[in-house]
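Colleague: Okay, handing you the structure first.
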Amino acid sequence: MWRRDAGRGHHEWVVTYVEQAKAAFRGGHTELLEALSRAEIVRARAAGDVPGELAAVCMLARACIRRHDFAAAEQLARRGRRLAESRPDRNLLQTPLHIQAAVARMSGDLTSARALYRESIQLNESIGEPRMAIMERHNLGYVELHLGDVATAHDLFTAARTQALRLGYTDQLAEMALGAAVVSCAGGDPERAASLLGASDKDYDNHGRIPDPDDAAERRRLVDAIRRVMSREAFDAAYAMGATVSLPKALRDWPR
């Protein structure tokens, strides 16, 4: 946010907790994220700032997910949901619901994950948050894929990709390309999967961020699956070719 300094007659940039926490999370600086979040929880509780406490609790839950401490993450997500439900603003439910779904998915409770992602999609559509609805539809695609429904997963990934491109959500395209790679591999096209993975990784690198924990797990499984059916040389060639293609082009070409 911008803050006006009347004494010196200029604006200076003030970095908020949420901005610092998001940067730490996206950069993989988990210890920093935890320290920032614990300090913010103390501040917010002392000030009676429920939305601030909720934001920090959810960020701390994300740190726990990255450490694969799913029990702690679930406890924090439930705490965040209780905080959200104590206020009339339904927008506050967005983040704790997303985290509950992610924990269920990563801990293998796919039935609960499916229900939670569907609830999250419905919530985000009802409060006018298309960006988050798109990502949750994308996340639901992974759940359907792991439940064995490749066709439904393909449809969900396609719908999410199409909407993200149409609305210009360029910050979501690395995730979309990873999902396209995963479903391409599951559909028997490991070469296309390796190419899409190269495009996805290149975009993460260009923006100085790493995949979220759930996406990182999908990426590891994808690389293992591709390498079981492709030679190292073929994988490297397809991956390198994908890294030269812009993400919008790679996604518009998929699944042709």
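Any read-out appearing in this document is the output of simple, stated calculations on the displayed coordinates, not a laboratory observation. What you see is a predicted model, and the numbers here were worked out from it, not measured in a lab. When we count neighbours, we look across all protein chains shown, and the Cβ atoms used for this are built from the backbone with ideal geometry, even at glycine.
Colleague: About the Cα centre of the stretch 38-116, what is the dipole size in debye to 20, counting +1 per Lys and Arg Cβ and -1 per Asp and Glu Cβ, all else neutral?
Modeller: Numbers: 14 positive and 8 negative charges, 15 e Å.
Roughly 80 debye, rounded to the nearest 20.
Colleague: Taking the Cα centre of the chain as origin, sum charge times position over the Cβ atoms of Lys and Arg (+1) and Asp and Glu (-1), and report the length of that vector in debye to the nearest 20. Write out the running numbers ahead of the final one.
Modeller: Working: 36 positive and 35 negative charges, 65 e Å.
With only Lys, Arg, Asp and Glu charged at Cβ, the dipole is about 320 debye.
Colleague: What does the C-alpha gyration tensor say about the overall shape of the stretch 118-256? Classify as rounded when a/c is under 1.5, otherwise prolate if a/b is larger than b/c, or oblate. Let's see the in-between values first.
Modeller: Numbers: a/c = 1.92, a/b = 1.46, b/c = 1.32.
Here the stretch 118-256 falls in the prolate category.
Colleague: Then there is this: When the dipole is taken about the Cα centre of the stretch 182-256, and only Lys, Arg (+1) and Asp, Glu (-1) are charged at their Cβ, what size is it in debye, to the nearest 20? Can you show the working numbers first?
Modeller: Details: 12 positive and 13 negative charges, 29 e Å.
Dipole about the Cα centre, nearest 20: 140 debye.
Colleague: Considering the dipole of the chain built from charges on the beta carbon (Lys and Arg +1, Asp and Glu -1) around the Cα centre, which of GLY48, SER112, LEU92 is farthest to its positive end?
Modeller: Looking along the dipole axis, the top candidate is GLY48.
Colleague: Measuring from label point to label point, each 7 Å out along Cα→Cβ, what is the ALA240 to THR162 span in nm?
Modeller: 3.6
Colleague: Next question, about the same structure. Which one, LEU83, ASN139, GLY28, is farthest towards the positive end of the dipole of the chain when Lys and Arg carry +1 and Asp and Glu -1 on their Cβ?
Modeller: Result: LEU83.
Colleague: Still on this structure, I have one more. Can you order the peptides 163-170, 186-193 by their average number of other Cβ atoms within 10 Å per residue, highest first?
Modeller: Working: 163-170: 14.9, 186-193: 19.0.
Top to bottom by mean Cβ count within 10 Å: 186-193, 163-170.
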